[in-house]
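The values are calculated or read from the model by the stated rules, or taken from the named source; none is laboratory data. Worth saying up front: this structure is predicted, and the values here are computed from it rather than measured. Quick reminder, even Gly has a Cβ in these numbers, built from the backbone with ideal geometry, and neighbours come from all protein chains shown. To get the accessible areas, we keep the full protein, side chains included, count just its heavy atoms, and leave off ligands, DNA and RNA. Shrake-Rupley method; radii C 1.70, N 1.55, O 1.52, S 1.80 Å.
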Amino acid sequence: MLKDFAKLQTFLMVIKEKSFSKASAKLGISQPAVTQQIKFIEDYLDTRIVERKKNGILLTKEGEDLYRIAVKLEKAISSSEKELLKIINKEFTFIMGSSNAIGNYILPNYLGEIKKRLDNEVYIQIGLSEDVIGQLEDKKIDLALIESPVFKDGIIFREWVEDELVIFSNQPLKKQLTADDLLDFDWICRNEESHTRKLTAEVFEEIGVQCANFNVLAVLASPTAIKESILHADKNSSRPLVSVMSRHVIQSDIQDGRLYEARIKNFKLQRHFYIAYLKERKHDAFVDNVVHYLLSINKV
């Protein structure tokens, strides 16, 4: 079993998430596959290692012993990755495809470390999630980071960091907004192909409004263009100019007091970003190194 560390990684993820289903989402495999791998370990050791409870899972004594061993193995393997890449000593350019919010506002914070780990150049290509996945299928990029999964055969999707969409303006807003409040604003909306637009449209419909009901001044595809338009809008206007944006994009402006955020009452617009790569490169040392690093980032 120790030769197949993937099963122990599944065990570690189950412990970390305290749930078989959550571990499944994080690992990008089905829940039955998670259950099967845990059962394999238990059959191999001829003992129970986890007990399922209503509020999560509980390690048995043997499970606690295995957990300590697995953590040591994980650290040893992780520390060996750089040495393995040095042995390969391959010069190339690692290309990452990314959707707008991730590529412009999240990934740049980690490019230096990724380059250091690969000891090679790393480029980013930015576009819509569907286009990025198309590039992955065509083998024009090595790894994709996207705002929504575009499930296709031959591609592994790994749940990455959590994102929240908020309504924002350069004028102070009520912290909790009702449907009527939304109609009192001027709007800049995302283009219809945007995952942000699709997600918010679903919530707006639930509270009885549609984008067609808003006073829309512009429709833009770029998060940067939207943010800059609102930053430079008239701060004394009786109708605040607003839009919906990933909190990652505007977080520093909120902290600096240049932008203000609000949420829809009784709703939270949440989603996950995803890591995607080809199944045929599941055991590629370079892809695996970057994926392992990205998944180690607990909070972006």
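Within region 93-113, can you find the residues that are assigned to a strand (DSSP E or B), farther than 13 Å from LEU294 by Cβ and in contact with an Asp or Glu (Cβ under 7 Å, 6 or more places away or on another chain)? If the condition is that a residue be assigned to a strand (DSSP E or B), farther than 13 Å from LEU294 by Cβ and in contact with an Asp or Glu (Cβ under 7 Å, 6 or more places away or on another chain), then THR93, ILE95 are the ones that fit.
Any residue that is closer than 21 Å to ILE230 by Cα, open to solvent by 50 Å² or more (accessible area, probe 1.4 Å) and over 25 Å from the mean Cα position of the chain (by Cα) - is there at least one of those in region 159-174? Yes, region 159-174 contains a residue that is closer than 21 Å to ILE230 by Cα, open to solvent by 50 Å² or more (accessible area, probe 1.4 Å) and over 25 Å from the mean Cα position of the chain (by Cα).
The set of residues in region 186-220 being open to solvent by 20 Å² or more (accessible area, probe 1.4 Å), touching a helix residue (DSSP H, G or I) at 6+ places or on another chain (Cβ under 9 Å), closer than 21 Å to GLU130 by Cβ and in contact (Cβ under 8 Å) with a residue 60 or more places away in the chain consists of GLU193, HIS195. Scanning region 262-300 for residues that are part of a loop (DSSP other than H, G, I, E, B), over 30 Å from GLU121 (Cβ atoms) and open to solvent by less than 70 Å² (accessible area, probe 1.4 Å) turns up just one, PHE267.
THR196 fulfils the conditions (1) modelled with pLDDT under 85; (2) out of contact with any Ser or Thr (no Cβ under 8 Å at 6 or more places or on another chain) except for a single criterion, (2).
Does ILE38 satisfy the condition of being modelled with pLDDT of 85 or more, closer than 18 Å to LEU295 by Cβ and of a type in the set (A, V, I, L, M)? No; evaluated as a whole, the condition is false for this residue.
Kindly indicate the residue of region 66-84 that is of a type in the set (A, V, I, L, M, F, W, C) and modelled with pLDDT under 80 and also most open to solvent (accessible area, probe 1.4 Å) among those meeting that condition. Taking the candidates together, the pick is LEU84.
Would you say THR60 is over 25 Å from the mean Cα position of the chain (by Cα) and not aromatic (Phe, Trp, Tyr)? When the stated conditions are applied, THR60 passes them.
Tell me which residues, restricted to region 241-261, are open to solvent by 30 Å² or more (accessible area, probe 1.4 Å) and in a loop (DSSP other than H, G, I, E, B). Scanning region 241-261 gives ASP256, GLY257, ARG258. Region 160-240 holds helices (runs of 4 or more DSSP H) entirely within its bounds, and those carrying 1 or more residues that are of a type in the set (Lys, Arg) map to 195-206, 223-231.
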